[in-house]
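Shown next, in structure tokens, is the structure this report addresses.
The values are calculated or read from the model by the stated rules, or taken from the named source; none is laboratory data. These numbers were taken from a predicted model, which means no experiment stands behind them. Glycine gets a Cβ as well: all are built from the backbone with ideal geometry, and neighbour counts include every protein chain shown.
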Amino acid sequence: MTRGHKRPRAKSVKASFLTLKVGKEAFTDLSPAERGLRRDHAEHVVQVTADGGEVTRFELADPQFVDFDQASGAIAATRHLLDLGHETVWHVAGPPESYAAERRRKSWQQTLEEDGREVPPPLIGDWSSRAGYEYGVQLAGDPEVTAVFAANDQMALGLLRALHEKGRSVPRDVSVVGFDDMDEAAHLWPPLTTVRQSFDEVGKRAVAALLAEITDAGTAGAISVPTEPVVRSSTAAPGPQ
């Protein structure tokens with residue numbers, strides 16, 4: 001959604017824009033003229049990301065971002081599995097060009113290192129259930145794999161299917177955690193343990209940031225929206241090997 005179609009007058013009209021992205025879908029449709037206006041007034045752009053920064057990038061004087069606390073969510077997911085008694089946690093990561101994926105991957109790795117655990121090589125996916133399925137087939141063949149943290153629920157969905165097809169019971173043989181808490185997560189089998197992101201809260205904070213920017217009451221920098229671990233039935237203490 002875009003506001004500010006009138007031609008700006010120097011020092012009298014401030015152009016302010018809000019870009020909200022959910023996953024890879026952008027709720028914005030800028031004309032070429034609007035894109036130019038956005039570049040000319042980049043210091044008044046509020047960027048809002050739901051997947052960690054996959055937005056059109058400009059040289060911003062004082063950028064303001066609204067984003068989920070990716071790090072704490074990934075730490076909580078990894079910590080949950082370690083606290084259940086798993087020796088280590090495998091990770092199906094998102095694409096490296098995604099800020100969200102990298103924050104989750106680095107936080108997963110940091111949590112394992114700080115706890116003195118072995119850090120398995122991350123498996124780089126593309127957010128799709130197909131990627132989760134393909135890595136699930138690979139992981140199912142390794143009896144040492146007892147816990148997997150997938151960087152989003154879609155990849156966790158594919159992972160669950162692969163483990164089921166290969167005869168690895170979830171959570172008896174392998175515990176699985178996702179990230180996002182998509183609507184279907186509670187209705188998978190088993191119901192998926194995940195990390196919830198409140199898109200409603202991001203929207204509220206984004207609008208508040210935009211209004212503050214318009215009235216010159218805003219401050220530059222990142223606005224971090226908390227995530228929330230949601231424990232369901234896809235995780236448990238490791239079973240007998």
Need pairs with beta-carbon distance below 8 Å; first residue crowded, with 24+ Cβ neighbours inside 10 Å and within the stretch 171-182, second modelled with pLDDT of 95 or more and of a type in the set (Lys, Arg); sequence gap 6+ or separate chains. Val174/Arg168; Phe179/Arg104
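Among the listed residues Arg130, Arg105, which satisfies the condition of being part of a helix (DSSP H, G or I) and under 19 Å from Leu163 (Cα atoms)?
Numbers: Arg105 fails: under 19 Å from Leu163 (Cα atoms).
Result: Arg130 is the single residue among Arg130, Arg105 that is part of a helix (DSSP H, G or I) and under 19 Å from Leu163 (Cα atoms).
Please go through the stretch 80-100 and give me each residue that is small (Gly, Ala, Ser) and over 24 Å from Trp127 (Cβ atoms), ordered by number. Full working, then the answer.
At the first step, the residues of the stretch 80-100 found to be small (Gly, Ala, Ser) are 85, 93-94, 98, 100.
Within the stretch 80-100, just Gly85 meets the criteria.
Condition check ((1) part of a loop (DSSP other than H, G, I, E, B); (2) surrounded by 20 or more Cβ atoms within 10 Å (Cβ to Cβ); (3) at pLDDT below 95; (4) of a type outside the set (S, T, N, Q)) across all residues:
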residue: Met155; (1), (2), (3), (4): no, yes, no, yes
residue: Leu160; (1), (2), (3), (4): no, yes, no, yes
residue: Leu163; (1), (2), (3), (4): no, yes, no, yes
residue: Pro191; (1), (2), (3), (4): yes, no, no, yes
residue: Val202; (1), (2), (3), (4): no, yes, yes, yes
residue: Arg205; (1), (2), (3), (4): no, no, yes, yes
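Quick check on the stretch 219-241: of everything there that is assigned to a loop (DSSP other than H, G, I, E, B) and at pLDDT below 90, which residue is nearest to the chain's Cα centre (by Cα)?
Here is the first cut: in the stretch 219-241, the residues assigned to a loop (DSSP other than H, G, I, E, B) are 219-220, 226-227, 231-241.
If we keep only those that are at pLDDT below 90 as well, we get 219-220, 226, 239-241.
Details: Thr219: 24, Ala220: 22, Pro226: 12, Gly239: 29, Pro240: 33, Gln241: 33 Å.
Looking at residues that are assigned to a loop (DSSP other than H, G, I, E, B) and at pLDDT below 90, I get Pro226.
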Of the conditions (1) in contact (Cβ under 8 Å) with a residue 24 or more places away in the chain; (2) out of contact with any Ser or Thr (no Cβ under 9 Å at 6 or more places or on another chain), Glu118 fails just one. Which one is it? (2)
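Among the residues of the stretch 140-160, is any touching a helix residue (DSSP H, G or I) at 6+ places or on another chain (Cβ under 7 Å), hydroxyl-bearing (Ser, Thr, Tyr) and under 23 Å from Arg232 (Cα atoms)? Lay out the reasoning, then the answer.
Residues of the stretch 140-160 that are touching a helix residue (DSSP H, G or I) at 6+ places or on another chain (Cβ under 7 Å), as a first pass: 140, 145, 147-151, 153-159.
Next cut, hydroxyl-bearing (Ser, Thr, Tyr) only: none.
No, the stretch 140-160 has no match at all.
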When (1) of a type outside the set (Asp, Glu); (2) free of Cβ contacts under 8 Å to residues at least 60 places away in the same chain; (3) under 24 Å from Gln197 (Cα atoms); (4) in contact with a Gly (Cβ under 7 Å, 6 or more places away or on another chain) are applied to Leu159, the one that fails is (2)
Scan the stretch 142-152 for residues that are surrounded by 24 or more Cβ atoms within 10 Å (Cβ to Cβ) and free of Cβ contacts under 8 Å to residues at least 60 places away in the same chain and jot them down. Val148, Ala150, Asn152
State yes or no: is Val195 assigned to a strand (DSSP E or B) and under 20 Å from Val89 (Cα atoms)? yes
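In this structure, does Ala93 turn out to be in contact with a helix residue (DSSP H, G or I) (Cβ under 8 Å, 6 or more places away or on another chain), buried (at least 24 other Cβ atoms within 10 Å of the Cβ) and among the small types (Gly, Ala, Ser)?
On the way: in contact with a helix residue (DSSP H, G or I) (Cβ under 8 Å, 6 or more places away or on another chain): yes; buried (at least 24 other Cβ atoms within 10 Å of the Cβ): yes; among the small types (Gly, Ala, Ser): yes.
Spelling it out, Ala93 is indeed in contact with a helix residue (DSSP H, G or I) (Cβ under 8 Å, 6 or more places away or on another chain), buried (at least 24 other Cβ atoms within 10 Å of the Cβ) and among the small types (Gly, Ala, Ser).
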